[in-house]
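Working notes for the structure below.
Bear in mind that the values in this text are calculations on the coordinates, not laboratory data. Everything numeric in this text was worked out from a predicted model, so none of it was measured. Cβ coordinates were reconstructed from backbone atoms using ideal geometry, including for glycine residues, and neighbour counts include every protein chain displayed.
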Amino acid sequence: MSDQDARERQRGRSRRGESGADDSVRRPREHGTAPYPTRPPHHARRAGSRERDLDEREDRPSSRAESGGRAIGNREALPEQSGVPHGRASFHGGAAAQPHPSTSRPLVGAGASGGAATVGGRGASRFREQREPPLVTRPSADFNKSGQTGKAITLTSNYFELLKRPDMHLLQYRVDFVPDVDHTGVRKALIRVHEAVLGKYLFDGTLLYNITRLPQPLELHSQRVSDNSDVTIHFRLVGEIHKEDATYTSVMNIILRRCLGMLKLTLWKRDFYDPASATEIPQHFLNIWPGYVTTIRHHEEGFLLGVEIIHRVLRRDCALDVMQKIRQNGGDFQAMCSAELVGKVVMTHYNKRTYRIDDIDFTKNANSTFHLRREDRNISYAEYYKKRYEIEVRQPTQPLLVSRPSRRDVNRGDDQPIYLIPELCGMTGLNDDQKKNFNLMKDVGNVTRVMPDKRVESLMKFRKRLADNPDIQKELRSWGLDFAGDVVRVNGRVIPPQTIQQGGDNRFQSADGDWSRNIQRSKMCVSVELRDWALFTPSGMFAQEVKPFIEMVQNVGRAQGFDIPVPVVIQLQMDRTSNYVDAIRSECSKRDFSLVFCVLRSARADTYSSIKKLTCAEFGIPSQVMTGRNLKGQTGKLMSIATKVMIQVACKLGAEPWRVLVPANKWMVIGYDTYHDARQKKAVGAFVASINPTFTRYYSSVKIHENNEEISPSFKDHLFGALKAYFIVNDKSLPSSIIVYRDGVGAGDIPRLKDTEITALKEACREAGVRTRIVDYDPPIAFIVVSKRINTRFFQMDGRAPSNPSCGTVVDSKVTLQERFDFFLVSQKVTQGTVSPTSYNIIEDHTGISPDIHQKLAYILTHLYYNWPGTLRIPAPIQYAHKLAYLVGESIMQQPHDNLSRLPYYL
């Protein structure tokens, strides 16, 4: 393993098996300290996700710091409803922040007919999303998106059918509080005391659903327990929901989440975890919590409940332990603390809430004060935790962690940061050193990589827990909701194995998605000439380590038809970053090299970045970087590494180790991905397009998005450059069809993507036709959104126990979505855990390509990534775009040299 692949794998990425052992999301880091106003350590309501409070009227344990509501009366209530019992709700968080003063905000009105009215303010965007129908990408309702090619098989999937669903006519009310109340739990408590008036209802903090038509306008009054202040609650009818309405799906999910709360699970952001079933790894001081991702959604033939088994890694150390270790190691304490902690997610010990660390305020500590509005006085953080949680802060001088509100929090009016005491915040996820620990990752993987039979067993245990809980069954029956007792059966097909072609007309089939042994015995399909190349290495490593390895690379290259001459060796007396930079600049200024090969004594990100920036941006020369760790080991291991390095070097110069037999078409396939860097608040958009009929040579371009946007404003420039390269390489002709594979786009961004990127593609084609004098050049375009992070799993049932499906398995019915032209593809074979399929959503297609061809083409492209002699989860153009975006965003941070646009230097 070498170069960028090793660096990415150290970040927990894996191409084999499931996603990483640690499934926590790691966001880019931000640096710096802002002089925030003094606020409570836990601003009300926000902790992880607003979905924490979707379960209404659930039984909650009382807390010392309570804030709820007493019913005062209402203008429309009947006389016998005036004696409503008093209710209370518990704060769930740190220091209880008080509601903001009353905010002027328009109330929602409804016409006489009870129709929907315009919604503004808190929750308005979510309300509009619920009212809008799902985006339709299926060409027509009667369009048959199912393919026919391949062997038919029967699979099961991690879904349960809905046998019964609610058949009630629901009324939807917008709820507003005067003065405004930020905390969703408090909002629910203030409403809960009016249950006699409202009847059976669901309330998510903004919208209330019930079956009782309330008088309009309706104004209720409650009293907040924390400060005995009066709160007026306005109810406005904004819609009526029928069984066929899309909003009914949201209602069913709210009911389901309420039921999950009855299982004594812990809500972590959007998902529920079961700490009672945690697995300890004592030798590494880790705990792993199993959890569930659940969703009810309408699929091809009806509603299905999807359940995915997930895991969360918790460490036994706290943020203060990390700080103390940094202090002991010496150096710039504040800078190193920020580098280590900013971007991490912590869990508070006292209430099991999760927060993302966005900053560290070194000007504040546990003795700093904030205004406790409930008691109308200033109180220190240390005193607050002592009084409320009976926790004694051991080190009052420790700085405070800062968690800023997310964009969604700000949209809800929650715009203040949260302050946290480090010693009360447990670390979650794995740090970089832990991810490099082979034994640790192996032990974690033994827990998190669940084999198919065990995963199905866990799914059935989850279903049994729902069935055996009388409270859950009572709740489900009251709403008319019922699920099947077994997972669904799905029809699938297996695309025939593809034929791999190498030099000398050597051909073989990729039955199991891995041909690493085959390529060692055959010549490359297309080789290249390596002329002069320079080797930069520390002087003490050359004779004993580097020279024997280079000779091994030359031998394996010769066997595959890639001749590697003796390099120009530059031995460095010192191996600082500046030594490499000065030596490379000096030698490359004297003569033209085809390749720069650097050996580092150890992995150093700054040195790697400097080398890549110099070679890729300044000189336009492909470069290869290796560390001394990869030069040591047994002969067999070194031979494998030498083969991979040789292939990588050859590919960077334009070689083609293998091809897949494809029909002769003048098609262009495109891959696009975006890298986001929150430190610079920029994004890097990488575009890769094939310029030959076998999809093995690519043109690439990069644009830096100054506004950190995901949707590219530069697609016209990208495609125009690709069409120009294609025109030059293919005897002054242009592609007859263009197929784009787009990664990193959520369903909510698809309308904007169609308006921006697809429109730009068409404009580029028209301009290219004018420039090349090809009359009316308007090639049909297919645009496909590819998603890896999905919760769907499939299990083959042809043996005694569930197993992973074969490579090439396609599913395009039952669990796909009715409104989409989509399919699932299993393109990898994994030896550990359950294989993860990839979702393909064809959002626009004017090519006339059949579903069979779309599915087969996607599968073929997973064979053509030259950094791995096997199949990938995604098509090679997307993986190439990902590598390019990551290299530029993480290391080069500027436009690469034009000389490299037709070479895969980013491998």
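When 321, 409 are arranged by Cβ crowding within 10 Å, least crowded first, meaning fewest neighbours, the order is 321, 409. Taking Cβ atoms as reference points and 12 Å as the exclusive limit, the residues near residue 727 contribute a net charge of +4, counting Lys and Arg as +1 and Asp and Glu as -1. Using a simple spin-label model with pseudo-atoms 7 Å out from Cα toward Cβ, residue 601 and residue 583 lie 1.2 nm apart.
The calculated FRET efficiency for the pair residue 232 and residue 736, based on their C-beta separation and a Förster distance of 60 Å, comes to about 0.35.
For the pair residue 754 and residue 767 in one chain, pulling the backbone fully straight at 0.36 nm per residue adds 2.8 nm over the alpha carbon distance. Within the stretch 139-189, the chymotrypsin sites (Phe, Trp or Tyr not before Pro) that combine a DSSP coil assignment with at most 13 other C-beta atoms in a 10 angstrom radius are 143. Counting beta carbons within 10 Å around each of 541, 460 and listing the fewest first gives the order 460, 541. If R0 is 25 Å, the Cβ-Cβ spacing of residue 432 and residue 283 corresponds to a FRET efficiency of close to 0.80. Give the calculated FRET efficiency between residue 902 and residue 297 to the nearest 0.05, with a Förster radius of 35 Å applied to their Cβ-Cβ distance. E(calc), rounded to 0.05, equals 0.20. Residue separation of residue 135 and residue 591 scaled by 0.36 nm, minus their Cα-Cα distance, works out to 158.5 nm of gained length.
Plainly put, the stretch 527-652 has a radius of gyration that is 0.93 times its Kirkwood radius, both from alpha-carbon atoms, as the Rg/Rh ratio.
Based on alpha carbons, the Rg and Dmax found for the stretch 619-694 are 17.8, 46 Å. Ordering 742, 374 from the fewest to the most neighbouring beta carbons within 10 Å gives 374, 742. Per-residue extension of 0.36 nm, minus the Cα-Cα distance of residue 467 and residue 386, leaves a gain of 25.0 nm for this segment.
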